[in-house]
Amino acid sequence: MFPEGMPNMEGLLEQAQQMQEQLMNAQQELEEARVEGTAGGGLVTATVTGTGDLVGLDIDREACDPDDTESLADLIIAAVRDASTRAQEDAARRFGPLAGMGEAPKVGTEQGGPVIGIPPPGEELPGGGGGSGVDI
């Protein structure tokens, strides 16, 4: 029925379903993961989820100077950026082997909340990019 050399569509669909399941499991792990970033030699510690949501902020009393709130603000921003960078690196480690096709999906946020770059089944890509039109 199919010419020789034609890919086994059933096998490809099964492989795609397995990969989708692995990606969904990895995304769940990211949502549950906690990653810390620090600034000021540990004066400020920010904790984010693996998807980049800020869930904790610890500020040492030594960082609190009522006459210098700008420095504290800078430390907070630096700690959050450090945590976010570490979360992105963690996501790359988790998704890299699953992607098998180059760079891992970027972790970030869209208007509705955190986005890994892989939509759930039946949903379009962020920004209305659509997909193949095939639901798996």
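If packing is taken as the average number of other Cβ atoms within 10 Å across a peptide's residues, how do 21-33, 75-87 rank, most packed first?
Result, highest mean first: 75-87, 21-33.
If you put +1 on each Lys and Arg Cβ and -1 on each Asp and Glu Cβ, how big is the dipole of region 20-104 around its Cα centre, in Debye rounded to 20?
420
Ratio of alpha-carbon Rg to the 2.2 N^0.38 Å globular estimate for region 52-96, to two decimals, please.
Ratio of Cα Rg to 2.2 N^0.38 Å: 1.46.
Please give the length that would be gained between Asp58 and Glu29 if that part of the chain were fully extended, namely 0.36 nm times their separation in residues minus their C-alpha to C-alpha distance (nm, one decimal).
That works out to 8.1 nm of additional length.
All of the numbers you see were taken from the coordinates with simple rules; none came from a lab. Predicted, not measured: the structure shown is a model, and the values here were computed from it. Cβ sites come from the backbone with ideal geometry, for glycine too, and all protein chains shown count toward neighbours.
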